[in-house]
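What follows is a set of notes on a single structure, which appears directly below.
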Amino acid sequence: MADANSGTARMLTGRCLCGAVEYRVADRFEYAMNCHCSNCRRATGSAFKPFAGVKRGELGLVRGADATLIYGDESEAHDVHCAACGSLLFSVVREGAYAHVTLGTLVDAPTIRPSAHIFVGSKAEWFHITDDLPQYAEFPDD
(Lines give C-alpha, C1' and ligand atoms only; values in the text may rest on other atoms or scores of the structure.)
Protein backbone atom coordinates (compact mmCIF):
# COMPACT_ATOMS: atom_id res chain seq x y z
CA MET A 1 0.00 0.00 0.00
CA ALA A 2 1.51 3.32 -1.02
CA ASP A 3 2.06 6.07 1.49
CA ALA A 4 0.33 9.14 0.03
CA ASN A 5 2.74 11.50 1.75
CA SER A 6 6.06 9.94 0.84
CA GLY A 7 5.18 8.10 -2.36
CA THR A 8 6.74 4.91 -1.02
CA ALA A 9 5.16 1.50 -1.17
CA ARG A 10 5.06 -1.18 1.48
CA MET A 11 7.90 -3.60 0.88
CA LEU A 12 7.22 -7.34 0.75
CA THR A 13 9.67 -10.14 1.39
CA GLY A 14 9.90 -13.30 -0.66
CA ARG A 15 12.16 -16.30 -0.44
CA CYS A 16 12.85 -19.75 -1.79
CA LEU A 17 12.02 -23.01 -0.01
CA CYS A 18 15.48 -23.48 1.54
CA GLY A 19 15.99 -19.79 2.40
CA ALA A 20 19.21 -19.37 0.41
CA VAL A 21 17.66 -16.64 -1.78
CA GLU A 22 15.59 -13.75 -0.47
CA TYR A 23 14.12 -10.80 -2.34
CA ARG A 24 12.20 -7.63 -1.56
CA VAL A 25 9.56 -6.18 -3.81
CA ALA A 26 7.43 -3.06 -3.59
CA ASP A 27 3.73 -3.77 -3.25
CA ARG A 28 3.11 -1.89 -6.51
CA PHE A 29 1.95 -4.81 -8.61
CA GLU A 30 0.13 -3.71 -11.75
CA TYR A 31 -1.62 -7.00 -12.53
CA ALA A 32 -1.94 -10.53 -11.21
CA MET A 33 -3.10 -13.69 -12.98
CA ASN A 34 -3.05 -17.47 -12.85
CA CYS A 35 -1.12 -18.85 -15.84
CA HIS A 36 -2.03 -22.35 -17.03
CA CYS A 37 0.50 -22.63 -19.89
CA SER A 38 2.58 -25.79 -20.10
CA ASN A 39 5.82 -23.91 -19.37
CA CYS A 40 4.47 -22.46 -16.11
CA ARG A 41 3.08 -25.85 -15.11
CA ARG A 42 6.46 -27.47 -15.68
CA ALA A 43 8.39 -24.71 -13.90
CA THR A 44 6.17 -24.91 -10.81
CA GLY A 45 5.11 -28.56 -10.82
CA SER A 46 1.56 -27.35 -10.34
CA ALA A 47 -1.64 -26.89 -12.35
CA PHE A 48 -0.93 -23.18 -12.79
CA LYS A 49 1.40 -20.38 -11.69
CA PRO A 50 -0.16 -17.52 -9.70
CA PHE A 51 1.96 -14.44 -10.41
CA ALA A 52 1.90 -10.67 -10.07
CA GLY A 53 3.58 -8.24 -12.47
CA VAL A 54 5.69 -5.34 -11.28
CA LYS A 55 8.24 -3.02 -12.90
CA ARG A 56 11.64 -4.68 -12.71
CA GLY A 57 13.18 -1.86 -10.68
CA GLU A 58 10.70 -2.51 -7.86
CA LEU A 59 12.29 -5.91 -7.08
CA GLY A 60 15.75 -6.68 -5.75
CA LEU A 61 17.63 -9.61 -4.29
CA VAL A 62 18.48 -9.16 -0.61
CA ARG A 63 20.40 -12.38 -0.11
CA GLY A 64 21.72 -15.20 -2.26
CA ALA A 65 22.37 -13.56 -5.62
CA ASP A 66 25.21 -16.05 -6.05
CA ALA A 67 22.76 -18.88 -5.27
CA THR A 68 20.42 -18.17 -8.18
CA LEU A 69 20.02 -20.16 -11.36
CA ILE A 70 18.96 -18.25 -14.44
CA TYR A 71 16.92 -20.25 -16.95
CA GLY A 72 16.63 -18.52 -20.30
CA ASP A 73 18.40 -15.59 -21.91
CA GLU A 74 19.74 -13.42 -19.08
CA SER A 75 19.65 -10.35 -21.32
CA GLU A 76 15.99 -10.94 -22.21
CA ALA A 77 13.19 -13.11 -20.80
CA HIS A 78 14.32 -15.56 -18.14
CA ASP A 79 13.31 -17.32 -14.94
CA VAL A 80 15.17 -16.89 -11.66
CA HIS A 81 15.33 -20.03 -9.50
CA CYS A 82 17.20 -20.93 -6.36
CA ALA A 83 20.08 -23.14 -7.48
CA ALA A 84 19.91 -25.15 -4.24
CA CYS A 85 16.20 -25.99 -3.86
CA GLY A 86 14.91 -25.13 -7.34
CA SER A 87 12.17 -22.71 -6.27
CA LEU A 88 10.97 -20.46 -9.10
CA LEU A 89 11.12 -16.98 -7.57
CA PHE A 90 10.25 -14.71 -10.47
CA SER A 91 10.43 -14.35 -14.22
CA VAL A 92 11.89 -11.35 -16.05
CA VAL A 93 9.58 -10.55 -18.98
CA ARG A 94 8.50 -7.87 -21.43
CA GLU A 95 12.02 -7.14 -22.69
CA GLY A 96 13.36 -6.97 -19.14
CA ALA A 97 11.00 -4.21 -18.03
CA TYR A 98 8.83 -6.33 -15.72
CA ALA A 99 9.13 -9.16 -13.24
CA HIS A 100 6.43 -11.76 -12.72
CA VAL A 101 6.73 -12.65 -9.04
CA THR A 102 5.46 -16.10 -8.12
CA LEU A 103 2.93 -15.32 -5.43
CA GLY A 104 3.68 -18.54 -3.55
CA THR A 105 7.20 -17.34 -2.72
CA LEU A 106 6.00 -14.20 -0.94
CA VAL A 107 6.24 -14.25 2.83
CA ASP A 108 4.06 -11.15 3.12
CA ALA A 109 0.60 -10.91 1.55
CA PRO A 110 0.37 -8.50 -1.39
CA THR A 111 -2.61 -6.20 -1.77
CA ILE A 112 -3.33 -7.53 -5.28
CA ARG A 113 -5.12 -10.79 -6.07
CA PRO A 114 -5.21 -12.69 -9.38
CA SER A 115 -7.90 -11.24 -11.64
CA ALA A 116 -7.98 -13.84 -14.43
CA HIS A 117 -6.86 -17.25 -15.65
CA ILE A 118 -4.68 -17.12 -18.77
CA PHE A 119 -3.63 -19.76 -21.28
CA VAL A 120 -6.54 -21.98 -20.27
CA GLY A 121 -6.51 -23.30 -23.84
CA SER A 122 -3.52 -25.40 -22.78
CA LYS A 123 -4.42 -26.02 -19.12
CA ALA A 124 -3.96 -29.43 -17.53
CA GLU A 125 -6.90 -31.65 -18.46
CA TRP A 126 -7.07 -33.04 -14.93
CA PHE A 127 -7.54 -29.59 -13.35
CA HIS A 128 -10.91 -27.86 -13.12
CA ILE A 129 -11.12 -24.11 -12.54
CA THR A 130 -13.76 -23.60 -9.88
CA ASP A 131 -13.76 -19.82 -9.34
CA ASP A 132 -15.55 -17.09 -11.28
CA LEU A 133 -12.49 -15.23 -12.57
CA PRO A 134 -12.45 -14.53 -16.32
CA GLN A 135 -10.70 -17.16 -18.42
CA TYR A 136 -8.64 -16.48 -21.55
CA ALA A 137 -7.46 -19.10 -24.03
CA GLU A 138 -4.16 -17.21 -24.30
CA PHE A 139 -2.98 -13.82 -23.02
CA PRO A 140 -5.77 -11.19 -22.86
CA ASP A 141 -5.60 -8.48 -25.51
CA ASP A 142 -6.24 -5.59 -23.15
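The values are calculated or read from the model by the stated rules, or taken from the named source; none is laboratory data. These figures come from a predicted structure and were not determined experimentally. Virtual Cβ from ideal backbone geometry, glycine too; neighbours counted across all protein chains shown. The protein model used for the area step is the full one, side chains on, heavy atoms only, and it has no ligands, DNA or RNA in it. Shrake-Rupley method; radii C 1.70, N 1.55, O 1.52, S 1.80 Å.
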(request) Work from the charge dipole of region 22-62 (Cβ charges, +1 for Lys and Arg, -1 for Asp and Glu, about the Cα centre) and give the residue of 40, 52, 23 farthest towards its positive end. (result) 40
(request) Could you work out the Rg to Rh ratio of region 39-106, with Rh taken as the Kirkwood radius (inverse of the mean 1/r over all Cα pairs)? (result) 0.92
(request) Quick one: pull the percent of accessible area on region 3-142 belonging to carbon and sulfur, 1.4 Å probe, ligands and nucleic acids left out. (result) 49
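How big is the charge dipole of region 8-54 about its Cα centre, in debye rounded to the nearest 20, if each Lys and Arg gets +1 on its Cβ and each Asp and Glu gets -1 on its Cβ?
Numbers: 7 positive and 3 negative charges, 21 e Å.
I would put it at about 100 debye.
Just need the relative contact order of the chain here, percent rounded to a whole number, with Cα pairs under 8 Å and 6+ apart.
26
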(request) Might you work out the accessible area of residue 10 for me, using a 1.4 Å probe with all protein chains in place, and round it to the nearest 10 Å²? (result) 90
(request) Could you rank the peptides 61-67, 122-128, 82-88, 21-27 by their average count of other C-beta atoms within 10 Å per residue, with the highest value first? (result) 21-27, 82-88, 61-67, 122-128
(request) Quickly work out the residue 107-to-residue 127 label distance, labels modelled 7 Å from Cα along the C-beta direction, and quote it in nm with one decimal. (result) 2.7
(message) Students often check this: by mean Cβ neighbours within 10 Å, which of 108-117, 48-57 ranks highest, and how do the rest follow?
(response) 48-57, 108-117
(request) Taking every Cα atom in the chain, find the radius of gyration and the maximum pairwise distance Dmax, and write them in Å. (result) 15.1, 49
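With only Lys, Arg, Asp and Glu charged, each at its Cβ (+1 for the first two, -1 for the last two), find how big the charge dipole of the chain is about the Cα centre; round to the nearest 20 debye. Provide the component values of the computation, followed by the final result.
Values: 13 positive and 18 negative charges, 77 e Å.
Computed charge dipole of the chain: roughly 360 debye.
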(message) Just to check, using Stokes-Einstein with a Kirkwood Rh over alpha carbon pairs, what's the diffusion coefficient of region 1-71 at 10 °C and 1.306 mPa s in µm²/s?
(response) 114
(message) Using +1 at the C-beta of Lys and Arg and -1 at the C-beta of Asp and Glu, which of 13, 102, 136 has the Cα lying farthest in the positive direction of the dipole of the chain?
(response) 13
